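In what follows, a structure is listed as C-alpha coordinates, so that the remarks can point back to it.
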Amino acid sequence: MRYPWFMLTIAVMLLFSACKKKDCCNFPVAPDFMLAQKNDIKWEADPSGSSLSGDTITISGKTNTGGEEEQVGFKIVFDGVGYYTLKANEKFYRITKNGTLLFEYKPDPTHLSSVTIISYNQADKILQGFFELRFLKINANPSENHSDKVFFGGGKFKVKLKY
(Lines give C-alpha, C1' and ligand atoms only; values in the text may rest on other atoms or scores of the structure.)
Protein backbone atom coordinates (compact mmCIF):
# COMPACT_ATOMS: atom_id res chain seq x y z
CA MET A 1 0.00 0.00 0.00
CA ARG A 2 2.82 2.44 0.70
CA TYR A 3 4.31 1.89 -2.69
CA PRO A 4 1.44 3.51 -4.72
CA TRP A 5 1.46 6.57 -2.42
CA PHE A 6 5.20 6.89 -2.77
CA MET A 7 4.93 6.75 -6.59
CA LEU A 8 2.10 9.29 -6.54
CA THR A 9 4.18 11.65 -4.37
CA ILE A 10 7.16 11.37 -6.79
CA ALA A 11 4.87 11.98 -9.79
CA VAL A 12 3.36 15.12 -8.19
CA MET A 13 6.85 16.46 -7.32
CA LEU A 14 8.04 15.88 -10.89
CA LEU A 15 4.95 17.57 -12.28
CA PHE A 16 5.46 20.69 -10.15
CA SER A 17 9.18 20.89 -10.88
CA ALA A 18 8.51 20.55 -14.62
CA CYS A 19 6.00 23.41 -14.49
CA LYS A 20 8.36 25.70 -12.63
CA LYS A 21 9.23 28.81 -14.68
CA LYS A 22 12.70 28.55 -16.16
CA ASP A 23 15.01 31.14 -17.63
CA CYS A 24 16.07 28.87 -20.46
CA CYS A 25 14.99 31.16 -23.26
CA ASN A 26 16.20 34.55 -22.05
CA PHE A 27 19.21 35.32 -24.21
CA PRO A 28 21.57 38.17 -23.34
CA VAL A 29 21.64 41.04 -25.82
CA ALA A 30 24.97 41.22 -27.65
CA PRO A 31 26.69 44.60 -27.39
CA ASP A 32 27.23 46.69 -30.52
CA PHE A 33 30.39 45.87 -32.47
CA MET A 34 32.31 46.68 -35.63
CA LEU A 35 35.08 44.28 -36.65
CA ALA A 36 37.08 43.45 -39.75
CA GLN A 37 40.44 42.37 -41.06
CA LYS A 38 42.29 45.63 -41.79
CA ASN A 39 45.09 44.81 -44.23
CA ASP A 40 44.80 41.19 -43.00
CA ILE A 41 45.16 42.13 -39.31
CA LYS A 42 42.33 41.80 -36.80
CA TRP A 43 40.67 45.18 -36.27
CA GLU A 44 37.88 46.26 -33.90
CA ALA A 45 36.16 49.63 -33.42
CA ASP A 46 33.55 51.24 -31.22
CA PRO A 47 30.49 51.84 -33.46
CA SER A 48 29.04 54.58 -31.26
CA GLY A 49 28.70 57.04 -34.17
CA SER A 50 25.98 55.07 -35.97
CA SER A 51 22.82 57.00 -36.75
CA LEU A 52 19.60 57.25 -38.73
CA SER A 53 18.58 60.50 -40.43
CA GLY A 54 15.52 60.31 -42.67
CA ASP A 55 16.23 57.36 -44.99
CA THR A 56 20.03 57.60 -44.64
CA ILE A 57 21.89 55.30 -42.27
CA THR A 58 25.45 56.07 -41.21
CA ILE A 59 27.59 53.36 -39.64
CA SER A 60 30.91 54.58 -38.25
CA GLY A 61 33.50 53.36 -35.83
CA LYS A 62 36.50 54.71 -33.97
CA THR A 63 39.60 53.15 -32.50
CA ASN A 64 42.30 54.81 -30.45
CA THR A 65 45.83 53.41 -30.46
CA GLY A 66 48.82 55.26 -29.11
CA GLY A 67 47.01 58.59 -29.22
CA GLU A 68 45.99 58.15 -32.86
CA GLU A 69 42.29 57.89 -33.61
CA GLU A 70 41.12 55.96 -36.65
CA GLN A 71 37.68 56.80 -37.98
CA VAL A 72 35.99 54.68 -40.62
CA GLY A 73 32.44 54.80 -41.82
CA PHE A 74 29.91 54.49 -44.58
CA LYS A 75 26.41 55.67 -45.29
CA ILE A 76 23.59 54.24 -47.36
CA VAL A 77 20.15 55.30 -48.40
CA PHE A 78 18.39 52.48 -46.59
CA ASP A 79 15.81 50.51 -48.55
CA GLY A 80 15.67 47.38 -46.39
CA VAL A 81 17.71 44.22 -46.04
CA GLY A 82 20.02 43.67 -49.00
CA TYR A 83 23.27 44.42 -50.81
CA TYR A 84 24.50 48.01 -51.29
CA THR A 85 27.36 49.13 -53.54
CA LEU A 86 28.99 52.23 -52.07
CA LYS A 87 29.76 55.29 -54.16
CA ALA A 88 32.88 57.39 -53.51
CA ASN A 89 31.07 59.91 -51.30
CA GLU A 90 29.45 57.19 -49.17
CA LYS A 91 32.54 56.04 -47.23
CA PHE A 92 35.45 57.58 -45.37
CA TYR A 93 38.63 56.71 -43.48
CA ARG A 94 40.99 59.10 -41.66
CA ILE A 95 43.54 59.14 -38.88
CA THR A 96 43.82 62.02 -36.42
CA LYS A 97 46.04 62.76 -33.44
CA ASN A 98 45.02 65.26 -30.75
CA GLY A 99 42.28 66.50 -33.08
CA THR A 100 44.72 67.17 -35.95
CA LEU A 101 44.29 65.29 -39.23
CA LEU A 102 47.36 63.12 -39.90
CA PHE A 103 46.14 61.05 -42.83
CA GLU A 104 43.11 61.15 -45.04
CA TYR A 105 42.16 58.40 -47.42
CA LYS A 106 39.93 58.39 -50.48
CA PRO A 107 37.93 55.44 -51.80
CA ASP A 108 39.98 53.17 -54.07
CA PRO A 109 38.42 53.64 -57.53
CA THR A 110 39.81 50.30 -58.78
CA HIS A 111 37.85 48.21 -56.27
CA LEU A 112 34.22 47.86 -55.29
CA SER A 113 33.26 48.68 -51.69
CA SER A 114 30.00 47.25 -50.40
CA VAL A 115 27.67 46.74 -47.46
CA THR A 116 25.23 43.89 -46.96
CA ILE A 117 22.44 44.44 -44.44
CA ILE A 118 21.32 41.03 -43.16
CA SER A 119 18.81 42.11 -40.51
CA TYR A 120 16.99 45.18 -39.30
CA ASN A 121 14.86 45.34 -36.16
CA GLN A 122 12.68 48.34 -36.91
CA ALA A 123 11.18 48.57 -33.40
CA ASP A 124 14.57 48.71 -31.64
CA LYS A 125 16.51 50.26 -34.57
CA ILE A 126 19.11 47.47 -34.50
CA LEU A 127 20.98 46.84 -37.74
CA GLN A 128 23.38 43.99 -38.57
CA GLY A 129 25.48 43.31 -41.61
CA PHE A 130 28.78 42.89 -43.42
CA PHE A 131 31.10 45.32 -45.21
CA GLU A 132 34.20 45.56 -47.39
CA LEU A 133 35.94 48.90 -47.87
CA ARG A 134 39.08 49.94 -49.77
CA PHE A 135 40.94 53.23 -49.48
CA LEU A 136 44.05 55.00 -50.85
CA LYS A 137 46.10 57.58 -48.92
CA ILE A 138 45.71 61.09 -50.36
CA ASN A 139 48.00 63.05 -48.06
CA ALA A 140 51.15 62.12 -46.24
CA ASN A 141 52.89 63.29 -43.13
CA PRO A 142 56.58 62.37 -43.54
CA SER A 143 57.07 61.91 -39.80
CA GLU A 144 54.49 59.10 -39.65
CA ASN A 145 54.45 55.69 -41.31
CA HIS A 146 51.07 54.37 -42.43
CA SER A 147 50.00 52.20 -45.33
CA ASP A 148 49.24 53.81 -48.69
CA LYS A 149 46.36 51.34 -49.18
CA VAL A 150 43.86 50.22 -46.56
CA PHE A 151 41.48 47.30 -47.04
CA PHE A 152 38.76 46.38 -44.55
CA GLY A 153 37.76 42.83 -45.45
CA GLY A 154 35.33 40.44 -43.82
CA GLY A 155 33.79 43.34 -41.89
CA LYS A 156 30.86 42.69 -39.56
CA PHE A 157 28.75 45.04 -37.49
CA LYS A 158 25.78 45.22 -35.15
CA VAL A 159 24.61 48.65 -34.14
CA LYS A 160 21.70 50.40 -32.48
CA LEU A 161 20.91 53.45 -34.55
CA LYS A 162 20.47 56.83 -32.92
CA TYR A 163 18.47 59.76 -34.28
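How much length is gained on full extension from residue 104 to residue 122, taking 0.36 nm per residue of separation minus their Cα-Cα distance? The partial results should precede the final answer.
Details: separation 18, 0.36 × 18 = 6.48 nm, distance 3.40 nm.
Between residue 104 and residue 122, full extension yields 3.1 nm more.
Distance from a point 7 Å along Cα→Cβ of residue 55 to each backbone N in segment 67-88: keep the residues under 17 Å and list them by number.
Counting only backbone N, you get 75-87.
Sorted by average packing, counted as other Cβ atoms within 10 angstrom per residue and highest first, what order do 88-96, 75-83 take? Walk me through the numbers on the way to the answer.
Details: 88-96: 17.6, 75-83: 13.3.
Answer by packing, highest mean first, reads 88-96, 75-83.
Find how much the distance from residue 77 to residue 112 grows on full extension, using 0.36 nm per residue of separation minus their present alpha carbon separation; answer in nm with one decimal.
Working: separation 35, 0.36 × 35 = 12.60 nm, distance 1.73 nm.
In short, 10.9 nm is gained.
Rolling a 1.4 angstrom probe over the protein chains, ignoring ligands and nucleic acids, what is the accessible area of residue 62 in square angstrom, nearest 10?
That residue has around 100 Å² of solvent-accessible surface.
Computed from the mean reciprocal separation of all distinct C-alpha pairs, what Kirkwood hydrodynamic radius does segment 41-163 have, in Å? Show your work: numbers first, answer last.
Working: mean 1/r = 0.0664 Å⁻¹.
The answer is 15.1 Å.
Taking all protein chains in place and a 1.4 Å probe, what share, in percent, of the accessible surface of segment 64-143 do carbon and sulfur account for? Walk me through the intermediate numbers first.
Numbers: 2170 of 4400 Å².
The C+S portion of the solvent-accessible surface of segment 64-143 is 49 percent.
The values are calculated or read from the model by the stated rules, or taken from the named source; none is laboratory data. Just so you know, these numbers come straight off a predicted model, no measurement behind them. Every residue, glycine as well, gets a Cβ built from its backbone with ideal geometry; the counts of neighbours run over all protein chains shown. Ligands, DNA and RNA are stripped out before the accessible areas are found, and what is left, the full protein with its side chains, is counted by its heavy atoms. Shrake-Rupley method; radii C 1.70, N 1.55, O 1.52, S 1.80 Å.
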